[in-house]
Amino acid sequence: MNRLKVTIRSWLKISEGYLKTDMVYLARGGFWSGLTFIFSAGLGFVLTLVFANFLDKESYGIYKYIFSIYGLLGAFAFSDLNILIIRAVTKGNDGVLKKAFDYSLKWNIPYLLVSSSVATYYYFSSNPTLATAFALIALITPLTTSYNVYGSFLNGKKDFRLISLSNTISGIVSSVATFFIIIYTQNPLLIVIGYLVTSFLTSAFYYFYTIKKYQPNEKFEEGSLAMGKHFSVMNAFTIIAQNIDKILIFHFLGGAPLAIYSFAQAPVNQILGLLKLAGPIYAPKILAKTKEENKKELPKKFWQIFSLMIIPTIAYIVLIPFFYKIFFPQYAEAIIYSQFYALVLLTFGKKFIAIPMPIYFSKKIQYQMSIINPTIDILPKLILLYYFGLAGAIAAILVSNVLTTTVSFYYFKRMRD
């Protein structure tokens, strides 16, 4: 066993010369994150099979519509404290955990009010299903979001094992509840309620468990979370851009086309989920480096990742038709959309460039980017979806992805030393 560890470590060290990345550190954290992904991907796949076989396309479209509005409401939520919490914890200011919870709960009042307004609108529109869903979202989500700050605290502590454990158990609880609700009721509202309740319970449990385990000190740097308000405002347009396509598809094309669109994206999003695990793992390393080091290294990392993703992307495009025909024959029309959507994998490396931006850039530049990027994301969706339907929606994602990557590079290179 020791010989195997030494061999693996030596190979990782060799790969560092080519990838310019601390592969030993990444593998150490990536083991637990990878374990989480295997569980969540497996559960997600089983749930997707259940959705495909037990829920008709229209009902699944309603379910996805509720979650699209739920995602859109995130524009009014106060949830963008991750980088600030990680940075505070790495400095030894553990008091940020409880402060972040209070701060998040206080500034999520707008979310409560807007979500309640949406629920009221659907109530008077004689749609009790959507009214009930958004009333519960208004009550539960602010608490769940606030309890979830424990994840950033653990990230700052580099406790990837506990992060993995909490994410895995939370996923299992939520998936099991969803599985039984789909099997026995096929009711989109009950599926949403099951997700909201299980997410709240698991988040609350692990928040208090984290406090019990670490007994965080009271050290807290006043003002260290203040930028969170700005980050949340800046992130609002991005959240709208990420969800507007699904809402437009539901309203203009219907529930069944939204179901097809969602199934077209599902396999690629699973791959992106695996790739994104590297972000939280590597964030403490990136944030610990100087601005000059990151300015030099991160653009190179983008092109390294771009090159590495070419072969997997081609393989996906070739093999995905067989996957759909075996597992999701009901959604065969989603294949062509999924093949084109896979091209977003090539620009995944921009996620690393984005990690230090909230720390290095002035508020003025961050506000500029928070408007420019979502705008060039939303406009192609509005135009291409209107004229070309689902094909236009997929094309819009690809166009906006290239444009936002270009904007990120432009601002990153303009960053002052």
Sequence-separation-based contact order of the chain, relative, with Cα cut under 8 Å and 6+ spacing, percent: 21
CD proxy at 222 nm, helix term only [per DSSP H run n ≥ 4: -39500 (n - 2.57); per residue of the chain; nearest 500]: -28500 deg cm²/dmol
Of the DSSP H helices in the chain, those whose Cα atoms cover at least 18 Å axially and whose Kyte score averages 0.0 or more: 23-54, 57-73, 109-124, 128-147, 160-184, 188-214, 227-252, 255-276, 291-327, 363-414
Modelled FRET efficiency - R0 56 Å, TRP303 with SER125, Cβ distances, 0.05 increments: 0.65
Unit charges at the beta carbon, dipole of the range 12-414: most positive-side option, ILE38, PHE412, TYR184: PHE412
Pairwise centroid distance, computed over Cα atoms, of the range 175-250 with the range 358-411, Å: 24
Dipole axis of the chain (+1 Lys, Arg; -1 Asp, Glu on Cβ), positive-most option in GLN265, PHE205, THR132: PHE205
Gained length - LYS364 relative to ALA332, 0.36 nm times residue gap less alpha-carbon distance: 6.9 nm
Computed FRET value (nearest 0.05) for LYS296 with LEU275, which takes r as the C-beta separation and R₀ as 30 Å: 0.85
Gain on full stretching of the segment that runs from ILE172 to LEU319 - 0.36 nm per residue minus C-alpha separation: 50.1 nm
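No lab work stands behind these numbers, since they all come straight from the coordinates. All figures in this text were calculated on a predicted structure; none of them were measured in a lab. For neighbour counting, all protein chains shown are included, and Cβ atoms are generated from backbone atoms with ideal geometry for every residue, glycine included.
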